[in-house]
Structures are given as structure tokens and as C-alpha cells.
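Participant: Got a structure for you, questions after.
The values are calculated or read from the model by the stated rules, or taken from the named source; none is laboratory data. Treat the numbers as computed from the prediction; the structure is a model and nothing was measured. As a convention, Cβ positions derive from the backbone with ideal geometry for all residues, glycine included, and neighbour counts pool all protein chains shown.
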Amino acid sequence: MKKSTQLEKLLEKLDWRSVRRHYDRRILTHNELVTLLTKGSVVPFAELALGITDGNANYSADLHRLGPRIIGTNLKAEERVFALGNEFYALKDARNVPAIIERAKLSSLRIGVGSEISCMVNPHVCWVANVRTIWTHLVVKHNSLAKANEELALYRDHDAASEMYWPNWSAIHANVKADLVKVANFGAEQAKLAGIRCGDVVYLWADAIATHVYGMHHLSRATDAEG
């Protein structure tokens, strides 16, 4: 009999009805963002993409109220966020996401917030790289909850030795993809056992699972410095 991985053990404990509701909310918000983008609704798109009008659109921004800061500290912020959204929407290769974010040079809009915008407008191509997904990636990578938590503790202490040290997230971004696919696939199996239909947009489904797995072990998000 095959031994369960640490991830599989964690997923067995999830409330899959809640995960599915979470996923459904994100799909609705994704559709709203795309509608605003394709209609050219610059300000409404920017405010939604940054989690200002609805935190479901960008947990990374909403967590630390970064949306108002991004709007307030960057010249022509709404237009630049809208342009960023268009770049993400046209992407065929998500490995370009970190470079696009860097090129945009928007103060307070880094890989956590930016990758979430990319996923929310183009979830068939792009994935989220933030505390929750990177922590989940480390659980898969090391097959160890203890190791992932150790790296999270170092990250919260702003220790550059941590695998989660946020200045390295742009480099980590590409590595997260394969493990999120594993999360989505394992999650689909567990959801089926629970009688719940899994999400068919892989990266948003994986993000919903990662959020719930992370929340099960780290209920307070207040100390997460970069969403």
C-alpha cells in the first residue's frame, strides 16, 4: 500500500465544501475582472484588481491594505494597473510574470500582489506566488509540514536564510507551478471522495486549496509580511 505524502494527509482534513465555495467566489471575481478589462473600465478594474472594492480579487493586497497605497503613491496608478492587467491577460507563458511586474515599477506592487492579478485575469496560464502558495509548495517539495513551518518562521523573522524570504519570490515563482498542479490533482481526488466537484481551472482550484491548507495551520494572517 502506497504511503500517503504529507500533502495528502493535510488534504484529507479539509472541508471541501468550503474549498469549493472559495473557488466559486474567485471564478465569479475572475469573470468580473475580465469584463472590466475588455470593456476598458480602467478605474473599476484597477480598484477591483487591487482588492479595494472586493478583497476576494486580491488577498495579497487586501491583507495589508496595499491597494490604496499603490493607488496613492504611484503616478497614474489606475492606468498602469490596467495596462498590467492587459499584459497578463495576453500572456501565453506565465514565466514572464516576474519580469512584467518588475518592468511596471509600481511601488508596493510586488510579486505577491502582481502574480495574484495575473492569475485572476488569466488563470489558465498564470498562478499565484504568495505566502500561502509558497508555503504549500514547500510542504510538497520537502514532504514535511515541519520543514515548511520552519521556513515560514524564518520568513516572519525576516531571515534571508528562509526559502520563503520574499525578495527571492520572483525566482521561486517558476518553481511553484508544478507543485500547485500536484495540489490540484490531489485535491480533486479528495474532493471526489467528499462528494464535491473539483474546480476545473487548475491554478485557481490549487490556490483555493492552498489557502485552506495554510489557514488550517496558520489562522492569523497578521504577521505575513507580503501576503
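Participant: Of the residues Ser18, Ser60, only one is assigned by TED's automatic domain parsing to the domain that holds Tyr203, among the hydroxyl-bearing types (Ser, Thr, Tyr) and under 30 Å from Gly187 (Cα atoms); which?
Facilitator: Ser18
Participant: Something else now. Quick one: Arg69 ticks every box in (1) in contact (Cβ under 8 Å) with a residue 24 or more places away in the chain; (2) surrounded by 17 or more Cβ atoms within 10 Å (Cβ to Cβ) except a single one, so which number is it?
Facilitator: Condition (2) is where Arg69 drops out.
Participant: May I pose another question? Spot the failing condition for Asn175; the list is (1) modelled with pLDDT of 90 or more; (2) buried (at least 19 other Cβ atoms within 10 Å of the Cβ); (3) farther than 25 Å from Asn86 by Cβ, and only one is missed.
Facilitator: Failing condition for Asn175: (2).
Participant: Give just the number: which of (1) surrounded by fewer than 18 Cβ atoms within 10 Å (Cβ to Cβ); (2) touching a residue at least 24 places away in the same chain (Cβ under 8 Å); (3) among the small types (Gly, Ala, Ser) does Gly114 not satisfy?
Facilitator: Against the list (1) surrounded by fewer than 18 Cβ atoms within 10 Å (Cβ to Cβ); (2) touching a residue at least 24 places away in the same chain (Cβ under 8 Å); (3) among the small types (Gly, Ala, Ser), Gly114 comes up short only on (1).
Participant: Another question, if that's okay. Restricting to the range 181-212, count the residues that are farther than 18 Å from Asp24 by Cα and aliphatic (A, V, I, L, M).
Facilitator: Counting residues in the range 181-212 that are farther than 18 Å from Asp24 by Cα and aliphatic (A, V, I, L, M) gives 2.
Participant: Also: Among the β-branched types (Val, Ile, Thr) and in a helix (DSSP H, G or I), is that true of Ile27?
Facilitator: Values: among the β-branched types (Val, Ile, Thr): yes; in a helix (DSSP H, G or I): yes.
The answer is yes for Ile27.
Participant: Quick check on my filter: what residues within the range 9-23 are touching a residue at least 24 places away in the same chain (Cβ under 8 Å) and either part of a helix (DSSP H, G or I) or exposed (fewer than 15 other Cβ atoms within 10 Å of the Cβ) (or both)?
Facilitator: Leu10, Leu11, Glu12, Lys13, Asp15, Trp16, Arg17, Ser18, Val19, Arg20, His22, Tyr23
Participant: When both residues are 6+ apart or on different chains and their Cβ atoms are under 9 Å apart, which pairs have a first residue that lies in the range 96-108 and is closer than 9 Å to Ser118 by Cβ, and a second that is outside any helix (DSSP H, G or I) and of a type in the set (Lys, Arg)?
Facilitator: Correct list of pairs: Ile101/Arg110.
Participant: When the range 190-206 is examined, which residues are found to be among the charged types (D, E, K, R) and either free of Cβ contacts under 8 Å to residues at least 60 places away in the same chain or touching a Phe, Trp or Tyr at 6+ places or on another chain (Cβ under 7 Å) (or both)?
Facilitator: Answer for the range 190-206, where residues must be among the charged types (D, E, K, R) and either free of Cβ contacts under 8 Å to residues at least 60 places away in the same chain or touching a Phe, Trp or Tyr at 6+ places or on another chain (Cβ under 7 Å) (or both): Lys192, Asp200.
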